[in-house]
Every structure is written in structure tokens, then in C-alpha cells.
Amino acid sequence: MRIDKYLAASRVGSRSEVKDLVRKELVYVNGKVCKDCSFHVSLEDEVCLNGQNIRYTEHVYYMLNKPAGYVSATEDEREKTVLDLFPEKIRKGLFPVGRLDKDSVGLLLLTDDGELAHRLMSPKHHVDKRYLICTKDPLTEDDVRAFSEGIVLSDGTRFRSAGLEISEDDPSTAVVTISEGKFHQIKRMVESRRNKVRYLKRLSVGTLMLDPKLKEGMYRELTDEETGLIMTI
């Protein structure tokens, strides 16, 4: 693989930007300066930029703590998208896995791995997703039973059995666990109980949990361990 393609694929910069880095003799391969953009490297070679090791990976995986006010899309004519939170040099090919509503916050996975995204979002795989919610009115044990039994809306929409764990300290706060991802699902389930969601935060997808140190609007690459977790979902 050409060194400029290797660096661009590793999200160092665009092809033109990485060519400039090579020309400036800032790129080293196996301890030797690389001056030729067409120089070929293998995955076994050690590639460094400004003393930092650059690891090539076929796909990238980012954890974002999505803030309110951004839509879960790659582009939108009117709204800010979650990709606007990422620098341009690493946006290419990225897309959000699933969606969080514009006013919702929390864990959102972004990747360029279409196969993984399909597996995580496919209804037949029943991947559990956990959310923290705050409601207008207190939740009750009747709500817990209704969620557990599954809810059917007046328009015939059916939602599978879901978990509802009400906080002992605040009955207007709960953790909801669902294995589907229908449009505005949790909000519609709560509204069917004559209540309203005021706040919604995704806590986890499968075994991947939101990093509590990650502030809203911030992102980071998944660790090797976290990548392994999502690969087994």
C-alpha cells in the first residue's frame, strides 16, 4: 500500500495533506525518513508521524456523547449533524449507527463499518439498549407492568416487552431497556401511559457503555477491548 494512502486511511489527513507531510520529511517508516509518496508499506511496517506511531485499521469506531441540538445524520440542509462535531479530516465515510433524537443525548457510535452497523441495528439481533429518562409525572408499578407486557398504540403499532426500572429516590426518573429501535419509541411508550419524557440519555448499546468521563459533545476512538465487545454483539 502506498504511504500516502496508508496515512489518509488512518485519518491523518486528506491525500493532499499527507502528501505534504511526506514532502516535509515528517513521516518515518521503520525509523527512516520517507520522502516518496509512492513508497509502499505493509501492515507489519512501523509508520510514525512527528514521533507518533500511526496504526492502520480497516475500519474506525468512535464513541460520541451526543449533545442536544444535533441530528443523527451525515448531512442535513437545516440542522447541525453529529458529524459537525468531528474535524473534517476524519469525517470521510463516517456515519452514525442508529439514531438519537435531536433533543436526546448520550451514547452514539459512529463508524465506517457498514456490516457492523447493520448487525447492531437489525431487529432480528435484539440488541439491548439502555436509556436514562426523566418524565413529567411520577412513574408507577402499573407502568412497569405495561412495559413488561409490551405496549400496543391506538394506531396498531406494537412495541416488544421492555424493562422499566424506576429510581427509588425519584419516581420521575427511570432506566428503560429496549431491544428495538422504532421511531421515537420510548417517548411514544411513555405517552401511551399519559405521561411525557422530558429528558432522555442513552447509556449503553449491548455491552458497550458510555464512558462517564466523556462530556457531552466529546468523542474518542473505542479501545481494543470495546471494539471486541461490539464485534461479539
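The values are calculated or read from the model by the stated rules, or taken from the named source; none is laboratory data. What you see is a predicted model; the values in this text were computed from it and never measured. Glycine also receives a Cβ, built like all others from the backbone with ideal geometry; neighbour counts cover every protein chain displayed.
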- Query: Among the residues of the stretch 158-172, is any farther than 24 Å from L229 by Cβ and aliphatic (A, V, I, L, M)?
  - Reply: yes
- Query: Would you pick out the residues in the stretch 92-124 that are touching a residue at least 60 places away in the same chain (Cβ under 8 Å) and at positive phi?
  - Reply: G98, G106
- Message: Looking only at the stretch 210-233, how many residues end up being in contact (Cβ under 8 Å) with a residue 60 or more places away in the chain and within 20 Å of L120 (Cα to Cα)?
- Response: 11
- Message: I'd like to know if the stretch 21-36 contains one or more residues that are of a type in the set (D, E, K, R), out of contact with any helix residue (DSSP H, G or I) (no Cβ under 7 Å at 6 or more places or on another chain) and closer than 30 Å to T207 by Cα.
- Response: no
- Filtered residue count, the stretch 184-233, keeping only those that are modelled with pLDDT of 95 or more and β-branched (V, I, T): 3
- Please find, among T173, T207, the residue that is of a type outside the set (G, A, S), more than 21 Å from L85 (Cβ to Cβ) and free of Cβ contacts under 8 Å to residues at least 40 places away in the same chain. T207
- Hey, does the stretch 97-111 have a residue that's at pLDDT below 90, in contact with a strand residue (DSSP E or B) (Cβ under 9 Å, 6 or more places away or on another chain) and under 30 Å from Q185 (Cα atoms)? yes
- Across the stretch 54-75, which residue is modelled with the lowest pLDDT among those that are more than 18 Å from the chain's Cα centre (by Cα) and not hydroxyl-bearing (S, T, Y)? R55
